[in-house]
Amino acid sequence: MPDSMNTPHQPHVLVLGGNFAGLASAQEVRRLCGDGVRITLIDRRDYLLFVPNISADVFENRNPADHQIVQLRPILEKGRIDFIEAEITTIDVDGKTVGFVPNDRPGEEGNTLSYDYLVIALGSRLSFDRIEGFAEHGHTVSDLYHGERLRKHLHDGGYKGGTVAIGSARFHQGNGAAGLQPYPGGSIPNALAACEGPPLEIAMSMATWMGEHKRGGPDRITLFTPGETIAEDAGMNIVTKFLSLAGGMGMHYKNNVQDVVKLTATTIEFANGESIEAELKILLPDWVAHDCLRSLPIADDQGFIVTDLLMRNPTYRTVFAAGDCAAVTVPKLGAIGHQEAEIVAMQIAADLGHMTRDAADKPLQPVVMCIGDMGAGKAFYIRSNVWFGGEDEVLEIGRVPYQLKMRYRDMFIAGSGRIPPIGMLVAQFAVEHIKV
């Protein structure tokens with residue numbers, strides 16, 4: 001798309017990344033700024049991957065590729081947002097340009113696009129390649145390929161009913177959020193795991209699946225974490241309740257393993273020197289920054305994009321970040337990415353005179369919101385901000401959270417990627433007050 005389309009009266013907002021945070025940022029900018037801006041979104045693929053529901057498909061014997069893809073082009077066209085399917089190669093924050101290579105055909109030429117505002121929402125790179133033996137002996141539910149691979153392994157006879165290890169490799173967090181205080185007396189904490197809702201979900205679903213398929217019980221499952229405690233972002237009251245539930249079912253638990261070092265056909269080895277026997281090893285890897293971000297003056301020591309709590313880079317004030325690539329996004333959680341996308345859009349709208357500065361300057365106050373499938377039509381629901389200095393810590397388990405998790409995707413698609421705020425409030429009220 002030629003830069004000549006820019007005009008002085010129509011600033012160009014360039015959004016990098018089209019999953020939850022990127023799509024939400026582009027849509028919110030359009031909603032708040034109307035036709036006062038031109039918006040372009042670049043992503044390496046033309047669909048949004050609905051990661052939260054891959055696990056449910058795996059255990060219910062459905063190919064995730066048939067259900068967890070949301071096509072971007074019709075959604076973006078409806079929002080009058082230009083789309084380029086391409087790989088990002090360079091970002092020049094001084095020259096305010098982004099380099100990319102279209103990925104329609106191998107050998108495409110490099111191109112550049114200028115911007116007035118840049119929103120980086122590229123997510124993270126999952127570093128399975130850093131875990132020795134993962135390709136041969138590891139499983140996960142983080143994407144379509146691995147989800148389908150695990151589904152076939154479980155349902156087509158690959159899994160023989162032996163012991164199971166489920167947990168996370170160590171997350172190497174950067175220093176980009178040091179000192180930021182989202183709540184009075186709080187701060188952005190340091191995490192040893194990027195997001196531990198999925199291991200809890202997988203462990204509970206696996207236990208249900210094993211019982212349904214007569215492959216033994218929860219006593220064959222070991223849940224592990226690199227940290228002092230699993231899912232510490234949920235708050236210790238919730239963690240204590242969850243571990244009590246898992247322990248009561250017979251699950252084993254290992255903390256302080258530090259990192260995953262190596263997988264073999266029969267074992268998983270940890271950085272603290274321990275190892276456990278496991279036929280099936282389901283892991284979440286380290287989440288690292290994309291290579292194109294690592295050397296930028298806007299990145300921290302690990303390559304995550306530095307912002308304040310208004311999601312704006314302190315030095316390059318027309319550069320924003322949202323979602324997993326932002327240094328302040330801890331844990332790496334879709335719900336926090338949505339919160340950040342709304343802030344990004346309000347800041348741009350205020351800059352361009354479409355809303356007041358007082359209305360726009362609402363800094364990030366992260367809230368951990370997680371719904372995890374447990375199988376058999378039940379799920380757990382977590383809403384907590386205590387890790388950041390807040391006071392909310394809610395855990396609910398039952399059929400209402402499960403219905404909310406399953407219906408959210410349907411509402412997301414029906415709403416062209418947008419869930420009305422009133423819908424989220426009604427859902428929150430239902431899950432926290434209806435005990436079924």
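Okay, here's what the table says:
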{"quantity": "Residues within the range 332-360 that are open to solvent by 10 Å² or more (accessible area, probe 1.4 Å), among the polar types (S, T, N, Q) and assigned to a helix (DSSP H, G or I), tallied", "calculated": "1"}
{"quantity": "Any hit, the range 190-205, residues being open to solvent by 40 Å² or more (accessible area, probe 1.4 Å) and of a type outside the set (A, V, I, L, M, F, W, C)", "calculated": "yes"}
{"quantity": "Condition check for residue 422: in a helix (DSSP H, G or I), on the phi < 0 side of the Ramachandran plot and modelled with pLDDT of 95 or more", "calculated": "no"}
{"quantity": "Hey, residue 362 within 22 Å of residue 58 (Cβ to Cβ) and either among the charged types (D, E, K, R) or at pLDDT 95 or above (or both) or not", "calculated": "no"}
{"quantity": "Residue tally, condition touching a residue at least 60 places away in the same chain (Cβ under 8 Å), in a loop (DSSP other than H, G, I, E, B), closer than 15 Å to residue 335 by Cβ and open to solvent by 20 Å² or more (accessible area, probe 1.4 Å), over the range 364-392", "calculated": "1"}
{"quantity": "When residues of the range 264-287 are limited to those that are outside any strand (DSSP E or B), of a type in the set (A, V, I, L, M, F, W, C) and farther than 19 Å from residue 206 by Cα, the one farthest from the chain's Cα centre (by Cα)", "calculated": "265"}
{"quantity": "Residue that is part of a strand (DSSP E or B) and out of contact with any helix residue (DSSP H, G or I) (no Cβ under 6 Å at 6 or more places or on another chain), where the choices are 239, 261, 257", "calculated": "261"}
{"quantity": "Which numbered condition residue 68 fails, given (1) under 28 Å from residue 148 (Cβ atoms); (2) without any contact (Cβ under 8 Å) to a residue 24 or more places away in the chain; (3) not hydrophobic (A, V, I, L, M, F, W, C)", "calculated": "(2)"}
{"quantity": "Tally, over the range 295-331, of residues that are basic (Lys, Arg) and either at pLDDT below 95 or part of a loop (DSSP other than H, G, I, E, B) (or both)", "calculated": "1"}
{"quantity": "Residue within the range 145-156 that is among the acidic types (Asp, Glu), part of a loop (DSSP other than H, G, I, E, B) and either open to solvent by 60 Å² or more (accessible area, probe 1.4 Å) or in contact with a helix residue (DSSP H, G or I) (Cβ under 7 Å, 6 or more places away or on another chain) (or both) present", "calculated": "yes"}
{"quantity": "Selection status of residue 100, open to solvent by less than 50 Å² (accessible area, probe 1.4 Å), over 23 Å from residue 28 (Cα atoms), at pLDDT 95 or above and of a type outside the set (Ser, Thr, Tyr)", "calculated": "yes"}
{"quantity": "Complete set of residues in the range 16-54 that are more than 16 Å from the chain's Cα centre (by Cα) and open to solvent by less than 10 Å² (accessible area, probe 1.4 Å)", "calculated": "26, 29, 33, 37, 39, 40, 41, 42"}
{"quantity": "Unmet requirement for residue 226, which otherwise passes all of (1) part of a strand (DSSP E or B); (2) buried (at least 19 other Cβ atoms within 10 Å of the Cβ); (3) touching an Asp or Glu at 6+ places or on another chain (Cβ under 7 Å)", "calculated": "(1)"}
{"quantity": "Residue selected from the range 291-312 under the condition among the polar types (S, T, N, Q) and more than 16 Å from residue 25 (Cα to Cα), by the criterion surrounded by the most Cβ atoms within 10 Å (Cβ to Cβ)", "calculated": "302"}
{"quantity": "Failed item in (1) closer than 20 Å to residue 227 by Cα; (2) open to solvent by less than 20 Å² (accessible area, probe 1.4 Å), with residue 175 passing the rest", "calculated": "(2)"}
{"quantity": "Single residue of the range 249-280 satisfying the filter (more than 17 Å from residue 220 (Cβ to Cβ) and of a type in the set (Val, Ile, Thr)) that is surrounded by the most Cβ atoms within 10 Å (Cβ to Cβ)", "calculated": "260"}
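To keep it simple, each residue is scored yes or no on (1) part of a strand (DSSP E or B); (2) charged (D, E, K, R); (3) more than 16 Å from residue 43 (Cα to Cα); (4) in contact with a His (Cβ under 6 Å, 6 or more places away or on another chain).
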residue: 88; (1), (2), (3), (4): yes, no, no, no
residue: 91; (1), (2), (3), (4): yes, no, no, no
residue: 94; (1), (2), (3), (4): no, yes, yes, no
residue: 99; (1), (2), (3), (4): yes, no, no, no
residue: 105; (1), (2), (3), (4): no, yes, no, no
residue: 109; (1), (2), (3), (4): no, yes, yes, no
residue: 113; (1), (2), (3), (4): yes, no, no, no
residue: 118; (1), (2), (3), (4): yes, no, no, no
residue: 122; (1), (2), (3), (4): no, no, no, yes
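The values are calculated or read from the model by the stated rules, or taken from the named source; none is laboratory data. If you're wondering where the values come from, they're calculated on a predicted model, not measured in any experiment. Please note: Cβ atoms are built from the backbone with ideal geometry, for glycine as well, and neighbour counts cover all protein chains shown. In case anyone asks, the SASA skips ligands and DNA or RNA and just uses the protein heavy atoms, side chains included. Shrake-Rupley method; radii C 1.70, N 1.55, O 1.52, S 1.80 Å.
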